[in-house]
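The values are calculated or read from the model by the stated rules, or taken from the named source; none is laboratory data. What you see is a predicted model; the values in this text were computed from it and never measured. For accessibility, only protein heavy atoms count, side chains too; no ligands or nucleic acids. Shrake-Rupley method; radii C 1.70, N 1.55, O 1.52, S 1.80 Å.
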Amino acid sequence: MGRLTDEIIQIEHVSKSFGHVHAVVDVSLTVRRGEVVVVIGPSGSGKSTLLRCINHLESVDSGHIVVDGIPLTDAENINRVRAEVGIVFQQFNLFPHLTALGNITLAQRIIRKRTREEAERKAHELLERVGMPEKADVYPAQLSGGQQQRVAIARAMAMDPKIMLFDEPTSALDPEMIKEVLDVMLDLASEGITMVVVSHEMGFARAAADRMVFMDEGRIIEETTPEELFTAPKEERTRQFLSQILH
């Protein structure tokens, strides 16, 4: 299933409302295998809701989503998709009673059924990769925000996901910690993992994105390359947004 297509995420005419608020309105978007797509837009534009629909943290009201050939139609399919999709949130959501190592090994052992040895080996490799090999036995409360977010990325990567979703991963961080998290994300992008990133970090978007999506009021307004978006946006609403954030 899904090996025949280069399109790993297919979103077709998806809408989602919360009461009277139309969070996502008739959105269609395709993400190719190995592509990095950065979604930008003002607060309340539907970016995070759309991202959360991809692994069914939010159910859609209408439309269809297919991830790696698996339609998000029933509980069994949703669980299959979630096993292949890592997600990193704004808040780090680490288990406070577990060390960095414990946080990274838990789901590996429960969902991937790895032995303690296998899971710990993988966790140590990933802590090395996110630049924190010495923090294996440290609890989240003793880590900075940037370090906690890097553990959260390592935890998601430990499941060998085909797709990584990032929901404003640096917005809760102090400015000096943002770079350390973006550097880890840039490394991942350079390794060819499929990534969908909701972010305000335009420097990251410029450096890592294959494609950018600008959303406003639940709709996709413009979808193009970073180069085009930053130098020659086609839509007036895009130009207005960029002029406010690119001082």
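Where a ≥ b ≥ c are the square roots of the eigenvalues of the C-alpha gyration tensor, would you call region 71-193 rounded, which needs a/c under 1.5, or, failing that, prolate if a/b is larger than b/c, or oblate?
oblate
Over the chain, what is the relative contact order in percent, taking alpha-carbon pairs closer than 8 angstrom and at least six residues apart?
The normalised contact order for the chain reaches 26 percent.
When the Cα centres of region 153-193 and region 96-151 are compared, how far apart do they sit, in Å?
Each part reduced to its Cα centre gives a spacing of 15 Å.
Which angle from 0 to 90°, rounded to the nearest 10, does the C-alpha axis of helix 100-110 make with the longest principal axis of the chain?
80
Hey, which of these cross-link pairs are over 21 Å Cα-Cα: 135/162; 16/47; 135/179; 47/135?
Going by Cα-Cα distance, 135/162; 47/135 fall outside the 21 Å limit.
If I fit a long axis through the Cα atoms of helix 145-157 and take the longest principal axis of the Cα atoms of the chain, what angle between them do I get, 0 to 90°, rounded to 10?
90
If I fit a long axis through the Cα atoms of helix 116-129 and take the longest principal axis of the Cα atoms of the chain, what angle between them do I get, 0 to 90°, rounded to 10?
The two axes meet at around 60 degrees.
Please list 3J(HN,Hα) in residue order for region 135-144, calculated via the Karplus relation 6.51 cos²θ - 1.76 cosθ + 1.60 where θ = phi - 60°; whole Hz, with x for glycine and proline.
9, 3, 9, 9, 8, x, 4, 8, 9, 6
Would you mind telling me the share, in percent, of accessible area of the chain contributed by carbon and sulfur at probe 1.4 angstrom?
The computed percentage sits at 50.
Under a GNM of the chain (C-alpha, springs under 10 Å), which listed residue has the highest mean-square fluctuation: 211, 155, 32?
Looking only at 211, 155, 32, the biggest GNM fluctuation is shown by 32.
Kindly sort 12, 125, 222, 58 by accessible area of their heavy atoms, largest first, with the probe set to 1.4 Å.
If we order 12, 125, 222, 58 from most to least accessible, we get 125, 12, 58, 222.
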